[in-house]
Amino acid sequence: MMSLVKRLITLASLGLLGIMSSLTAQVNISGDITADVTWTSNTEYYLVGQTFVQPGVTLTIEAGTTIKAMPDDGNGLAPALVVLRGGQIIADGTADLPITFTSALPEEQLPQRGTWGGLIILGNAPISAEGGEDFIEGLFGIPFGGNDPDDSSGILRYVRVWYGGSAIGEGNEINGISFGGVGRGTIVDHCEVAWNLDDGFEFFGGTVDVSHLSVLFVGDDMFDTDEGYQGRGQFLFGMIGEQDGNRGFEMDNKTNGNMNSQPRSYPQFYNVTLVGSGSGASADNDQMIRLREGTGGDFRNLVIAEGKSLGIRITDEATLNLIPDSLYVSPNTVIWDCPDGQFGGDYGFTALEEDPLFRSMDGRETGGIIDPRPANTSSPLFNNIDVIEPDDFFVSADFKGAFGTDLWLSGYSWLDEMNRLGAGPIADGDANQDGSLDVLDVVAAIGHILGTNTISGDAYIAADVNSDGALDILDIVIMVDWILNYATRGELATDVQIQKNSTGLAMNTNGRVGAVQIELVHPTGFSLELQNAFLADYKTIGEHTMIIMVLPEAGQLFTTQDQFEVVNILAAGSSNYIPVNTDVPQTFTLNPAYPNPFNPSTSIGYSVPVSGNVNISVFDLQGRLVETLVNGSISAGQYDVTWNATRYASGAYLVRLISGQKTLTQKIMLVK
């Protein structure tokens, strides 16, 4: 331990002396912890040297406690907290009161990597080193490993380790959190490493299971496994920085030169999202995942996105020979936007190349909002999901990647601390915010569009299922498709014709229509009766009515005895509007024949505003019937009919249209 004078000089040069002297409850930590102790949240702790929790001793850290580490212990090495084999740490924080290991540097000098050491946990679980024991890197003569896979080193829950990775031994940078031979009796949940100079989490053998881990902008790999690690992991997230950073996974097995060392590394990592540095990054990384040196593994519900180069690379025969029995990558894996390909070779693996539709990925080390959840449930991350059989650790998940609708980084992540983390629900259709998507949500959305109720805030975000910023019938159609799985039932229409008839409005279509929205104007006192649809509602205010019909049946949409005109009609498929022919005539017309005079043929246009029987005939000037051109039931619309008068004599003729009480006549002249 350095002298008091040397320590004061160091503190002054770092700008920390005033800060530390102003604290009323301050404890400096260094050396051995030889008896059970509790660090409390109302005290600020400074890690000023390397600190060792001895075997048989438990260090308890209260939720909400902050431990600030000095950059140097006075001998050129960074302070670190080491839990020795047989010791325990009980660091049980919460999302609102996380336990923080961070730098003692002033905030204006952060973020930066390598400002102190890190956290090292050692245990008695099996590793692949000869004799079942090895020594942790960076420290001299500190052993880990044993023969107890169920060994417990305590609890790390809602623990965050920021700005570490400086050398704790000669030329030896360390990871944010290192696990050496840690057993599955240890609880590791909701932990984060951000801005570490070396790896984020590294596992040297052991069997520890981990869940809800986050790694942000570290200088090397995000998750590193070696020396026979055989633990399980679920809900793991990491982002590689644009300027610095290497791989998402670097997984090895070789011990003492033996690629078949036992136990063989076999991580089982499910529901993982790895976001790379992007194709234009300066970060030194050429693959998102590197598997080598005889490692096995099982990877399911994996999402890899925005890599600089490759998705997955395997670098030796010893690893390739384990495929598929001891090394498995699910074909449902999403590998997207890796410019040099999904795989570095033909490994026998396949993957899906689909945009995961993250809600927001604005920048890396700097930028805007980061929200790695799927933007809405149209995302491919909700399809082709690997079934996870629940056991004593794994839980079932209805999504791929680390996130579904729950943004479990909230409250404690560095992104949240910097006001860069997304918030609120994803667009899952839960318009009434009762936790489920059903017909009540569709009714609520219809009511919002009609103006009979209002959806706002998180409910509006949830109801805007196509995330286009507007709640309309496209969103309703998608919600119904999700509820009824109608997306796989019947062909969607590509053309819709709306026709006014004597009893209301009818629809003809060449396929399934998700919804229609109709606006009418009419005299006051208007009333109607809606016809067949999955859901239908309307609202009338004065001389204006809006109607919404979900999954309407072809044919009559509504009936009425009142007069009306159609102002606007929208029809929606599963994700797009469908063209609507709204050219419905408002009156009967008999257009001038062309040509006229003619020889031997002329064309006559006519309009029918309502469906019904129509007769169009040609008469001579004495009123005798010459020829009937049209006689039968005609749908509303515009039509043409041609009269070929080859067998008739020159002269004047009358063309007469009769439909109900309506009669229209025009004169034509045949000249031969």
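The values are calculated or read from the model by the stated rules, or taken from the named source; none is laboratory data. The model shown is predicted, which means the values in this text are computed figures rather than measured ones. For neighbour counting, all protein chains shown are included, and Cβ atoms are generated from backbone atoms with ideal geometry for every residue, glycine included.
Okay, here's what the table says:
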item: Subset tally (residues that are outside any loop (DSSP other than H, G, I, E, B) and not polar (S, T, N, Q)) for the range 276-296; result: 4
item: Residue match in the range 586-596 (condition: in a loop (DSSP other than H, G, I, E, B), among the hydroxyl-bearing types (Ser, Thr, Tyr), without any contact (Cβ under 8 Å) to a residue 60 or more places away in the chain and out of contact with any helix residue (DSSP H, G or I) (no Cβ under 6 Å at 6 or more places or on another chain)); result: yes
item: Any chance residue 91 is assigned to a strand (DSSP E or B) and at pLDDT 95 or above; result: yes
item: Residue count, the range 408-454 (criterion: aliphatic (A, V, I, L, M) and over 23 Å from the mean Cα position of the chain (by Cα)); result: 7
item: Residue count for the range 591-628, restricted to those that are among the hydroxyl-bearing types (Ser, Thr, Tyr), surrounded by 14 or more Cβ atoms within 10 Å (Cβ to Cβ) and farther than 18 Å from residue 650 by Cβ; result: 5
item: Residue in the range 560-577 that is surrounded by 18 or more Cβ atoms within 10 Å (Cβ to Cβ) and assigned to a loop (DSSP other than H, G, I, E, B) present; result: yes
item: Single unsatisfied condition, residue 105 versus (1) out of contact with any Asp or Glu (no Cβ under 6 Å at 6 or more places or on another chain); (2) farther than 29 Å from residue 244 by Cα; result: (2)
item: Pairs with Cβ under 7 Å, 6+ apart, first in the range 71-86 and modelled with pLDDT under 90 and buried (at least 20 other Cβ atoms within 10 Å of the Cβ), second of a type in the set (Phe, Trp, Tyr) and assigned to a loop (DSSP other than H, G, I, E, B); result: none
item: Sole residue being in contact with a Phe, Trp or Tyr (Cβ under 7 Å, 6 or more places away or on another chain) and in a loop (DSSP other than H, G, I, E, B), chosen from 102, 115; result: 115
item: Some residue of the range 275-286 being free of Cβ contacts under 8 Å to residues at least 60 places away in the same chain, among the charged types (D, E, K, R) and over 26 Å from residue 160 (Cβ atoms); result: yes
item: Residue ID - farthest from the chain's Cα centre (by Cα), chosen from residues in the range 58-88 that are among the small types (Gly, Ala, Ser) and assigned to a loop (DSSP other than H, G, I, E, B); result: 74
item: Residue list for the range 421-480, filter: closer than 21 Å to residue 360 by Cβ, without any contact (Cβ under 8 Å) to a residue 60 or more places away in the chain and in contact with a Gly (Cβ under 7 Å, 6 or more places away or on another chain); result: 458, 461, 462, 463
item: Residue match in the range 448-457 (condition: farther than 27 Å from residue 550 by Cβ and surrounded by fewer than 16 Cβ atoms within 10 Å (Cβ to Cβ)); result: no
item: Count of the range 143-166 residues which are at pLDDT 95 or above and more than 20 Å from residue 99 (Cα to Cα); result: 9
item: Matching residues in the range 118-161 - criterion: being in a strand (DSSP E or B) and within 27 Å of residue 94 (Cα to Cα); result: 119, 120, 121, 122, 154, 155, 156, 157, 158, 159, 160, 161
item: Sole exception among (1) closer than 17 Å to residue 576 by Cα; (2) out of contact with any helix residue (DSSP H, G or I) (no Cβ under 8 Å at 6 or more places or on another chain); (3) at pLDDT 90 or above for residue 469, by number; result: (3)
item: Members of the range 438-476 found to be in a loop (DSSP other than H, G, I, E, B) and either of a type in the set (A, V, I, L, M, F, W, C) or in contact with a Leu (Cβ under 9 Å, 6 or more places away or on another chain) (or both), listed by number; result: 455, 464, 465, 466, 467, 468, 470, 471, 472
item: Residue within the range 518-530 that is surrounded by 14 or more Cβ atoms within 10 Å (Cβ to Cβ) and in contact (Cβ under 8 Å) with a residue 60 or more places away in the chain present; result: no
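Rundown of residues vs (1) among the acidic types (Asp, Glu); (2) modelled with pLDDT under 95; (3) surrounded by fewer than 21 Cβ atoms within 10 Å (Cβ to Cβ), yes/no style:
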site	(1), (2), (3)
205	no, no, no
225	no, no, no
229	no, no, no
240	no, no, no
250	yes, no, no
256	no, yes, yes
272	no, no, no
294	no, no, no
297	no, no, no
